[in-house]
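Visitor: This is the structure I want to talk about, given as structure tokens.
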Amino acid sequence: MADQNSEQPLVVTLDGPAGSGKTTVARMVADRLGIAYLDSGAMFRAFALRLGARSWTWSEEVLRDRLDGLEFTLRGRGGQSVLLLNGEPLGEEIRREEVGMWASNLAKVGVVREILKQAQQRLGAGTSLVAEGRDMGSVVFPQARYKFFLDATPEERARRRWLQLKEMGVEEDLDALIANLRQRDEQDRNRPIAPLKPADDAVIIDTAGLAPSEVVEKIVEIVSDAPTVDAENTA
Ligand code: DC
């Protein structure tokens with residue numbers, strides 16, 4: 001599916017803080033539109049897992065060297081989209097809380113953001129997608145026609161994450177999750193490069209009290225002038 005107005009691949013951006021519900025919503029929107037889903041946070045997590053703790057303190061030269069030759073590709077579409085690093089699907093280990101914290105630290109480093117921005121733009125240039133993250137609308141795809149920013153209080157977001165982890169069989173302390181989220185928010189919102197903030201032209205949706213399907217409806221309604229299905233993206 002292409003953006004009807006420009007004949008470019010369609011890019012829908014969906015940004016917001018950790019636990020705002022954007023992952024669930026982004027997957028569902030991608031399903032509804034029949035286009036790929038890009039989880040940009042997973043790219044930061046994959047780098048963080050590969051490089052390990054304290055890698056954010058390394059020099060630019062060392063980071064460049066260690067990240068050189070790593071290539072992301074995207075297969076499939078909707079909720080079935082799979083992100084691959086050098087041909088290998090990203091594993092579940094990237095979802096660990098600890099890896100999320102490492103990713104947040106690594107995401108403050110300019111060279112890492114630059115490398116991932118280029119990778120994200122390459123993916124978006126070749127394939128219509130719903131791009132989910134922190135700076136998809138503000139920095140990576142400033143020309144995207146449809147931009148959304150989801151938000152909710154830290155308590156609400158921590159509660160959701162707690163439930164999500166519980167469903168995955170992981171027991172976490174709720175207070176610790178709230179503290180962790182606040183710390184990540186602080187880091188993500190206040191970093192000098194590409195801080196978490198809505199693009200000037202983003203539609204802001206407060207997700208408190210809304211089911212994911214209700215948020216999806218709001219978004220799909222706005223994107224409704226785009227065609228809904230095609231076969232372009234299946235890799
Ligand atoms: O969405 P997530 O929680 O999986 O992302 C993990 C970390 O990666 C997050 O704390 C900040 C960083 N990130 C970013 O800086 N920019 C993005 N577009 C996506 C994620």
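Visitor: Can you go through R45, R50, R96 and tell me which one is over 27 Å from Q8 (Cβ atoms), free of Cβ contacts under 8 Å to residues at least 60 places away in the same chain, under 15 Å from the mean Cα position of the chain (by Cα) and within 15 Å of the ligand (Cβ to nearest atom)?
Guide: None of the other options fit; the residue is R45.
Visitor: Moving on. May I ask you to list the residues in the stretch 1-49 that are of a type in the set (D, E, K, R) and modelled with pLDDT of 95 or more?
Guide: Scanning the stretch 1-49 gives D15, R27, D31, R32, D39, R45.
Visitor: On to the next question. Name the one entry in T57, T73 that is surrounded by 15 or more Cβ atoms within 10 Å (Cβ to Cβ) and more than 16 Å from the ligand (Cβ to nearest atom).
Guide: T73
Visitor: When you check S104 against the structure, is it buried (at least 19 other Cβ atoms within 10 Å of the Cβ), among the polar types (S, T, N, Q), within 13 Å of the ligand (Cβ to nearest atom) and under 19 Å from S55 (Cβ atoms), yes or no?
Guide: Considered against the rule, which asks whether it is buried (at least 19 other Cβ atoms within 10 Å of the Cβ), among the polar types (S, T, N, Q), within 13 Å of the ligand (Cβ to nearest atom) and under 19 Å from S55 (Cβ atoms), S104 comes out as yes.
Visitor: Need pairs with beta-carbon distance below 6 Å; first residue in contact (Cβ under 8 Å) with a residue 40 or more places away in the chain and within the stretch 131-149, second within 13 Å of the ligand (Cβ to nearest atom) and polar (S, T, N, Q); sequence gap 6+ or separate chains.
Guide: From the stretch 131-149, the pairs are A131/T13; G133/S40; M136/T13; G137/T13; V140/Q120; F141/T13; A144/T13; K147/T13.
Visitor: Tally the residues that are at pLDDT 90 or above and part of a helix (DSSP H, G or I), restricting the search to the stretch 164-179.
Guide: Qualifying residue count, the stretch 164-179: 8.
The values are calculated or read from the model by the stated rules, or taken from the named source; none is laboratory data. Note that the structure is predicted; figures quoted are calculated from it, not measured. Note that each Cβ is placed from the backbone with ideal geometry, even for glycine, and that neighbours are counted across all protein chains shown.
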